[in-house]
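Asks: One structure, pasted below without further comment.
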Amino acid sequence: MHPWIREEWEFTLTVLHGEAHSCRIGLEAGDAFTFQYALPAGLCPKTVLQLHTLCEIVRCGGDFTHRGSPDPYSIEFPCADGVLTFQLTARRLPSCP
């Protein structure tokens, strides 16, 4: 498989708070994923729904201030089960305008 579309954004998802024994997937504070369009494998399907929506906000030209974040390209949110806290950070790739 060869992607033909050059992505404009890169995202980092970091677990800020939580313990592996509380998470069905086993994620814990400090775990991090970096990705562009395809979401990281192994995430809880319920959290993937939230994550995809947040990524699309940035990809469509918006930012996270309308979701209550003081930083336009970084937001904290709880997992769908409420046992972890994530931080999602978006970064425009340098090759894009």
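Asks: Tell me, what is the per residue accessible area of the chain in Å², probe radius 1.4 Å?
Replies: Normalised by residue count, the accessible surface of the chain is 63 Å².
Asks: Name the shape class, rounded, prolate or oblate, that the alpha-carbon gyration tensor gives for the stretch 1-96, where a ≥ b ≥ c are the square roots of its eigenvalues, rounded holds for a/c under 1.5, and otherwise prolate holds if a/b is larger than b/c and oblate otherwise.
Replies: Note, shape of the stretch 1-96 comes out oblate.
Asks: Further question on the same structure: Out of the chymotrypsin sites (Phe, Trp or Tyr not before Pro) in the stretch 25-55, which ones are loop residues according to DSSP with at most 15 other C-beta atoms within 10 Å?
Replies: Sparse-neighbourhood loop chymotrypsin sites (Phe, Trp or Tyr not before Pro): TYR37.
Asks: What is the chain's relative contact order, in percent, from Cα pairs under 8 angstrom and six or more apart in sequence?
Replies: Contact order relative to length: 36 percent.
Asks: Taking the simple approach of a point 7 Å from Cα along Cα-to-Cβ for both THR53 and TRP9, what is their distance in nm?
Replies: 1.5
Asks: In nanometres, what is the gap between the two model label sites at ASP63 and ALA38, each 7 Å from Cα along Cα-to-Cβ?
Replies: 3.1
The values are calculated or read from the model by the stated rules, or taken from the named source; none is laboratory data. Predicted, not measured: the structure shown is a model, and the values here were computed from it. Methodologically, a virtual Cβ is constructed for each residue, glycine included, from the backbone with ideal geometry; neighbour enumeration extends over all protein chains shown. In case anyone asks, the SASA skips ligands and DNA or RNA and just uses the protein heavy atoms, side chains included. Shrake-Rupley method; radii C 1.70, N 1.55, O 1.52, S 1.80 Å.
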